[in-house]
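Accompanying notes for the structure given below.
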Amino acid sequence: MTRISFYILKGSEEHDRQVFACRLIEKAYLQGNHVYVHAADEQQAEQLNNVLWSFRPDSFVPHELMNETPDTNCPILIGHNAAPPRLMNLLINLSPQQPLFFSQFERMAEFINDDEHIKNSGRERYRFYQQRGYDLESHSI
């Protein structure tokens, strides 16, 4: 069963959520995991793509956008309107809804901040997973 972690972040800036996501993506990549990032829309996917290139000057995290006909062997894929093309270890959800395909992952990460829309949709997703018996953990960052 998928293990789901909620990361509770300070502030309400989307950029800060994305930087934290990049840090987690980098950590997972360095541990040998394959990560699928599910963005809310194409714009958010593009933003995360740009942040992954620049969040740390000494970091390199190989990644591709799903709309660029991705190399399915790339360890990090970013999409917004489809399931990943293969099984992967970690799902990072930046969308306000739970992805329909979340249960195919070993782990999933959700990022909640002080933005009211993000916070409220995060509470709904938490209840959704809780009611279905998923193992949930929360981390205040």
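Laboratory data are not the source of any read-out in this text; all were calculated from the coordinates shown. The structure presented is a predicted model; accordingly, all values stated were derived computationally and were not measured. Every residue, glycine as well, gets a Cβ built from its backbone with ideal geometry; the counts of neighbours run over all protein chains shown.
Do we have residue 18 as within 28 Å of residue 127 (Cα to Cα) and within 13 Å of the chain's Cα centre (by Cα) here?
Yes.
Please enumerate the residues belonging to the range 119-134 that are out of contact with any Leu (no Cβ under 9 Å at 6 or more places or on another chain) and of a type outside the set (Asp, Glu).
119, 120, 121, 122, 123, 125, 127, 128, 131, 132, 133, 134
With the checklist (1) over 16 Å from residue 2 (Cβ atoms); (2) in contact (Cβ under 8 Å) with a residue 60 or more places away in the chain; (3) part of a loop (DSSP other than H, G, I, E, B) in hand, flag the one item residue 133 doesn't pass.
(1)
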